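Participant: The structure is given below, and queries will be raised subsequently.
The values are calculated or read from the model by the stated rules, or taken from the named source; none is laboratory data. Predicted model only: the values in this text are computed from it and were never measured. Quick reminder, even Gly has a Cβ in these numbers, built from the backbone with ideal geometry, and neighbours come from all protein chains shown. Surface areas here come from the heavy atoms of the whole protein model, side chains and all, with no ligands, DNA or RNA. Shrake-Rupley method; radii C 1.70, N 1.55, O 1.52, S 1.80 Å.
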Amino acid sequence: MKLIGGFVPFRALAVARKEFMHVMRDPFTIAMAVGVPVILVIVFGFAIDFDFRGIRMAVYDHDDSRLSRQLSEGFSSSGYFTVIDGRSPGAPVTEIEDGTAAAALVINPGFEKKIARGESAPVQVIVDGSDNQKTGVVGGYISGIQKAMTVKLAGAPAYEPIAMRSRFVYNPELNTQWFIVPGLIVIVTGLLSILLTALTVAREWENGSMEMLLSTPVTPLEIIAGKILPYVGLGLLGITFVYVIARMVFSVPFKGSYVVFFAACLLFTTTSLAQGLLISVVTRQQQKAMQASMMSGLLPSMLLSGFIFPIESMPVFFQYLTMILPPRWFMIIIRTLFLKGTPVEGLAVPFFALTLMTVILITVAVRKFKRDVEP
Amino acid sequence: MNIRYGIYLDKLVKRFGLTTAIDSLTLAVEPGLLHGVIGPDGAGKTTLLRLMAGLLRPAGGTITFTANGENADFEHVRPQLAYMPSRQSLYPDLSIEEHLEFFKSLYQLAPDVYRERASRLLGITRLERFRGRKVGQLSGGMYKKVGLMCALLRSPAVLLLDEPTNGVDPISRREFWELLYQLSGEHILILISTAYMDEAERCSRVHLLDSGRCIASGEPAQVLAGEKVQSFDELWMKRA
């Protein structure tokens, strides 16, 4: 039996038209298509912020001098810390232990005198290390404040052996939203395209209509093309939504080319649709298709695409694993286009990887899509 | 121009895991007649029809289609074959008319051909005034008629109907049969499966199926006489 008995665009369009009617009449699909991007943008755009502000710091000022008070003011005026008086008679760690503060500053007696004499005046900073992400960032703030306060209290050093000045290009203020929001395009597209396609084909099996369809002249390729067409539209709508929010609400720059952007979105949407299709062809049940989509779609794109957790800091095995995950490549393309704007040649590898995966996924899906109802 | 199709099964076998659904079945479905495949639930009726529709692959034996007495390739018969599954297989959120238009596009019918056929089908099924109603809101009998219309829209030469009257009230069942009589004739081969024994007598040929085997075949009266019983109900009671 022939696998693909030709392709008549007219029949594929008929399937697409029918599918469009299903979408428009199904509140769940519309809610998914509209709700998922909105919720993700709210959660990740507004809630996630790697800039920590108002970290409560208990200050034990045993020197109680002008300079020591200036030092603790230096912490509070940075905006990153809210200074509270350390009142515990015992160890300064008490406040950290009972959760009233996340950090403590201990200034020993003789702080002012030592600085006046030109000696080094040790100050202890204790930070709650139970949250790695936070601790790393707070460490950065502390060394920044240390440098600034050294200059302020003791004057600029006459001689600086290594004058290191760092400047961050592409995202000078290291704005979290600039980093996160464009990445949401990857999550939204991936999830919508995979989940909705997986559900639509599985539904056709579940409600028995596939049996009727397969007995008509329509070929598997026409069914596939017709089924995914409306979801390409939905996926691109989701992308447009996130793009507009990123630019208007979060003022993320867009440095790349729109043509490349559109091509990349279309490519990745197709990759995801092919993945959803493969899932539904194999599972043939909406419930299973939903679970498989979540496992193979949402989790990798959230955790292994570099969306939040850098791939470079993963164990070697996982670094290689991410290579077979389409979101990883699309994430590179999207972040580059928004923040860097590299010409196309710079994106050749991600584009090639995505194309390869799309071809593989579609081939496997079409092969698995049989023109019969064999179990 | 009109081709008369026949279907001949020879020692057909189909297994699902350890279950043998069709067990060395030999059967002749001769052209131009209204055939009934009669058997209790689990006899293998659905599997048999799916095999004939090319939706399942046999594990053994052969299915031979003939066109005007000559062997024909299934791919040549397929465009002339319509199949109506026993399971619910329509889209509950689409109306009758939307179903017809969808299948029209799949069969690639010309607009005038479609208009003529659709209005004739809506007429004989008496569903004209429900054409805008969603299929999910139709009664069981109407639902089956819509399924039949979708299959008939392509004017098939071979029509396979899997339990089209299952779960349909007696009056709608009678209507359905009248519809089948209107359709049947020289140029269409109709094969219908049913678990209702009283429907056996309505067919011009019956094939009694039990546990994947054909236990009797022929004109209803002959089959009854051969088994020395008055009715098909009695026949099954005797066998059980």
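Participant: Test of understanding: express the Cα radius of gyration of the range A:129-169 as a ratio to 2.2 N^0.38 Å, with N the residue count.
Facilitator: 1.48
Participant: Obtain the radius of gyration and the Kirkwood radius of the protein assembly as shown from its C-alpha atoms and give Rg over Rh.
Facilitator: We get a ratio of 1.21 for the protein assembly as shown.
Participant: Still on this structure: So what is the relative contact order for chain A, in percent, with contacts set as C-alpha pairs under 8 Å and at least six apart?
Facilitator: Computed value for chain A: 20 percent relative contact order.
Participant: I'd like to know which of B:214, B:2, B:90 lies farthest towards the positive end of the charge dipole of chain B, counting +1 on Cβ of Lys and Arg and -1 on Cβ of Asp and Glu.
Facilitator: The residue sitting most towards the positive pole is B:90.
Participant: Moving on. For the range A:325-338, just list the computed ³J(HN,Hα) in residue order, Karplus coefficients 6.51, -1.76 and 1.60, θ = phi - 60°, integers in Hz, with x standing in for Gly and Pro.
Facilitator: Those phi angles translate into 9, x, x, 4, 6, 5, 4, 4, 4, 5, 5, 4, 5, 5 Hz.
Participant: On to the next question. Report, please, the projected area of the range A:158-211 averaged over directions, based on the convex hull of its C-alpha atoms, in nm².
Facilitator: Convex hull of Cα atoms, orientation-averaged projection: 6.4 nm².
Participant: A follow-up question, please. At 1.4 Å probe size, with no ligands or nucleic acids counted, give the accessible surface of residue B:214 in Å², nearest ten.
Facilitator: For residue B:214, solvent-accessible area is about 40 Å².
Participant: What number comes out for accessible area per residue over the range A:246-352 if the probe is 1.4 Å? Units Å², please.
Facilitator: Each residue of the range A:246-352 exposes 48 Å² on average to a 1.4 Å probe.
Participant: Express in whole angstrom the spacing between the alpha-carbon centres of the range A:333-375 and the range B:1-66.
Facilitator: Rounded to whole Å, the Cα centres lie 43 Å apart.
Participant: Can you list the residues of the range A:346-375 that have at least 10 square angstrom less accessible area with all protein chains present than in their chain by itself, probe 1.4 Å?
Facilitator: Residues losing area: A:370, A:371, A:372, A:373, A:374, A:375.
Participant: Ok, one more. Can you give me the Cα centroid spacing of the range A:80-159 and the range A:210-232 in angstrom?
Facilitator: Comparing the Cα centres of the range A:80-159 and the range A:210-232, I get a distance of 66 Å.
Participant: From the protein chains alone at 1.4 Å, what is the descending order of accessible area for B:131, B:78, largest first?
Facilitator: These residues rank, largest area first, as B:131, B:78.
Participant: Need one number: nm distance between label points at residue A:26 and residue A:98, each 7 Å from Cα along Cα→Cβ, rounded to one decimal.
Facilitator: The answer from the label model is 5.6 nm.
Participant: Label residue A:295 and residue A:162 with points 7 Å out from Cα along Cα→Cβ: what is the distance between them in nm?
Facilitator: Inter-label distance under the simple model: 4.8 nm.
Participant: In square angstrom and rounded to 100, what buried accessible area do you get between chains B and A, total over both, with the probe at 1.4 Å?
Facilitator: Summing both chains' loss of accessible area gives about 2900 Å².
Participant: Equivalent ellipsoid semi-axes for the range A:55-154, as square roots of 5 times the alpha carbon gyration tensor eigenvalues: give them largest first, rounded to whole Å.
Facilitator: 22, 16, 11
Participant: Another question, if that's okay. Could you tell me the relative contact order of chain B? Use alpha-carbon pairs under 8 Å, at least six residues apart, and round to a whole percent.
Facilitator: 30
Participant: I've got another one for you. Taking N as the number of residues in the range A:1-67, what is its alpha-carbon radius of gyration divided by 2.2 N^0.38 Å?
Facilitator: Against the compact-globule rule of thumb, the ratio is 2.65.
Participant: In µm²/s, what is D for chain B at 37 °C and 0.692 mPa s, where D = kT/(6 pi eta Rh) by Stokes-Einstein and Rh is the Kirkwood radius from Cα pairs?
Facilitator: Here the translational diffusion coefficient equals 177 µm²/s.
Participant: How large, in percent, is the carbon and sulfur part of the accessible surface of chain B at a probe radius of 1.4 Å?
Facilitator: It is 48 percent, rounded to a whole number.
Participant: With viscosity set to 1.002 mPa s at 20 °C, what whole-number translational diffusion coefficient in µm²/s follows for the range A:236-375 from Stokes-Einstein and a Kirkwood radius over Cα pairs?
Facilitator: 131
Participant: Rounded to a whole number, what % of the accessible area of the range A:55-154 do carbon and sulfur atoms account for, probe 1.4 Å?
Facilitator: After summing per-atom areas, the C and S share lands at 50 percent.
Participant: Compute the semi-axes of the equivalent ellipsoid of the range A:292-375, taking the square root of 5 times each eigenvalue of the Cα gyration tensor, and list them largest first in whole Å.
Facilitator: 28, 17, 11
Participant: Considering the convex hull of the alpha carbon atoms of the range B:33-89, report its projected area averaged over all viewing directions, in nm², one decimal.
Facilitator: Seen from a random direction, the Cα hull of the range B:33-89 projects 5.2 nm² on average.
Participant: Ignoring solvent entirely, what values of log10 I(q)/I(0) come out of the Debye formula for the range A:215-274 at 0.27 Å⁻¹ when each Cα is a single scatterer?
Facilitator: -1.13
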